[in-house]
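Notes follow once the structure below has been shown.
Computed from the coordinates by the stated procedures, all read-outs in this text should not be read as laboratory data. These numbers were taken from a predicted model, which means no experiment stands behind them. All Cβ positions, even for glycine, are placed from backbone atoms using ideal geometry, and neighbour counts span all protein chains on display.
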């Protein structure tokens, strides 16, 4: 399976795909459009929000000439059809959001197993990229996560890459969560032994 791991798939200020590294041109070498896509939720229970974001992604792709013959959404409503939906897809897009929430959904539907025979293209965006790794660093981002002794910062991922990905550095490098500097007090110490 060929995969593309993006920090952010869509530049919402321009309503177009981020393409600074010309990955879209590479994508076009490996898939023929129109094709069928599966968009995988990051928050499987937020059905309407997921559908809205999925439609935005599809619209942006269409605007850039990456027209789809159709698309499905993998969320709580369609989880029982995971195998069928994966088999139907030419492209799977793992959407961005809260890393542990998406990861738990991936584990629940056993997505890693269903991807074993998938020969299409995988596109990860933000959390979707992070959860593509064998070992995922689920950087705390919500209040309470840093100080929660049960919060797991390293969790098993899909195993598509050995690289741990931490996107959006410029947007969170100065953040404070639970009174601690996210970069200096949390992420740096967490990275010890994992680089």
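Listed values, structure above:
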| quantity | calculated |
| --- | --- |
| Within a Gaussian network of the chain (alpha carbon springs, distance under 10 Å), most fluctuating of 53, 12, 21 | 21 |
| Antiparallel bridges, percent of DSSP beta bridges restricted to the stretch 93-195 (to nearest 5) | 60 percent |
| Degrees separating the helix 47-63 axis from the principal Cα axis of the chain, which is the longest one | 60 degrees |
| Average Cα contact separation per residue, the stretch 2-167, under 8 Å, 6 or more apart, as relative contact order % | 26 percent |
| Label-to-label distance, nm, for residues given as residue 24 and residue 154 (7 Å Cα→Cβ offset) | 3.8 nm |
| For 123, 147, order by how many other beta-carbon atoms lie within 10 Å, fewest first | 147, 123 |
| Relative contact order (%) - criterion: Cα under 8 Å, at least six apart; region: the stretch 39-88 | 47 percent |
| CD proxy at 222 nm, helix term only [per DSSP H run n ≥ 4: -39500 (n - 2.57); per residue of the chain; nearest 500] | -8000 deg cm²/dmol |
| For the chain, share of DSSP beta bridges that run antiparallel, in % to the nearest 5 | 25 percent |
| Simple label model, 7 Å out from Cα along Cβ direction - residue 191 to residue 174, nm | 1.9 nm |
